[in-house]
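Here the structure is laid out as structure tokens; the discussion comes afterwards.
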Amino acid sequence: MTQKVAVLGTGKIGEALLSGMIRAGWSTEDLLVTARRPERAEALRARYGVETVTNAEAAKTADTLILAVKPQDMAALLGELAPHLPADRLVISAAAGVPTSFFEERLPGGNPVVRVMPNTPVLVDEGMSVISGGTHATEDHLLRTEAIFKPVGKTLRVPESQQDAATALSGSGPAYFYFLVEAMTDAGILLGLPRDKAHDLIVQAAIGAAVMLRDSGEHPVKLREAVTSPAGTTINAIRELEKHGVRHALIAALEAARDRSRELASGEG
């Protein structure tokens with residue numbers, strides 16, 4: 001049976017999902033979008049050939065609603081949807097830190113809710129979307145959610161109790177790599193390389209290392225040891241990283257991100 005899907009909130013993540021679904025073969029006739037600004041709605045119609053509707057219309061007509069607005073806007077959006085949303089409609093949240101209970105308390109029909117934490121590489125179809133079902137979500141609802149997010153990368157199911165940890169590791173994860181590339185580029189300049197050449201060297205090293213991690217099946221320690229010759233350049237660099245507590249700093253950083261996710265989930269500013 002054909003399913004109608006509405007994307008509510010078509011910022012970068014929402015638009016990435018929309019374009020990914022179209023590339024995966026979804027008919028534009030089965031896709032609806034909402035946009036706050038009329039010029040944004042017109043741009044989406046022109047770019048993708050999809051119908052733009054109001055939030056209330058989406059609630060009435062779509063079988064699945066993907067809520068991709070900012071966390072601070074979610075309560076107001078649910079207030080718009082609740083009077084119009086039939087109880088059997090699947091609600092998928094892509095808002096960081098907002099638990100499924102937040103939706104279940106505000107949607108009186110007992111709607112199935114699935115929480116998803118995507119990360120920004122969904123923009124290049126290399127994302128990771130971490131999925132957790134709420135109280136009323138069934139296996140069918142989880143499969144429907146995976147079908148929407150798989151065109152823009154990989155999906156992983158976790159218990160909702162692990163979502164804050166997944167947010168710290170995966171949702172925020174790309175930023176840590178960008179930070180590392182930024183620092184390594186500066187180091188390359190300090191060592192005498194032009195910025196563009198240092199950047200190219202580091203980015204390709206990152207891509208190659210990521211592919212080896214993904215495809216080799218080897219533990220990262222073994223892959224690192226393969227590069228680390230006795231008394232060589234790499235072991236001297238590793239010694240300095242350990243001396244400066246980089247491993248400890250990374251663990252502390254991820255713990256801080258997890259704790260902030262918990263704060264956001266509890267409604268703290």
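Data for the structure
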{"read-out": "Residue count, region 1-59 (criterion: in contact with an Asp or Glu (Cβ under 9 Å, 6 or more places away or on another chain), among the β-branched types (V, I, T) and within 17 Å of E80 (Cα to Cα))", "value": "5"}
{"read-out": "Only listed residue being loosely packed, with under 12 Cβ neighbours inside 10 Å, under 22 Å from N119 (Cα atoms) and of a type outside the set (V, I, T), chosen from G208, G217", "value": "G208"}
{"read-out": "Output for region 99-117, where each listed residue is open to solvent by less than 10 Å² (accessible area, probe 1.4 Å) and either assigned to a strand (DSSP E or B) or within 11 Å of T167 (Cβ to Cβ) (or both)", "value": "V113, V114, V116"}
{"read-out": "Region 50-71: number of residues that are assigned to a loop (DSSP other than H, G, I, E, B) and open to solvent by 50 Å² or more (accessible area, probe 1.4 Å)", "value": "2"}
{"read-out": "Tabulated pairs, region 220-241, first surrounded by fewer than 10 Cβ atoms within 10 Å (Cβ to Cβ), second not in a helix (DSSP H, G or I), C-beta under 7 angstrom, 6+ apart or interchain", "value": "none"}
{"read-out": "Filtered residue count, region 1-44, keeping only those that are modelled with pLDDT of 90 or more, in contact with a Lys or Arg (Cβ under 8 Å, 6 or more places away or on another chain) and open to solvent by 30 Å² or more (accessible area, probe 1.4 Å)", "value": "1"}
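The values are calculated or read from the model by the stated rules, or taken from the named source; none is laboratory data. Not measured: the values here are computed from a predicted model. Because the Cβ atoms are built from the backbone with ideal geometry, glycine has one as well, and the counts that use them run over all protein chains shown. Protein only, heavy atoms only, side chains kept; ligands, DNA and RNA dropped before computing areas. Shrake-Rupley method; radii C 1.70, N 1.55, O 1.52, S 1.80 Å.
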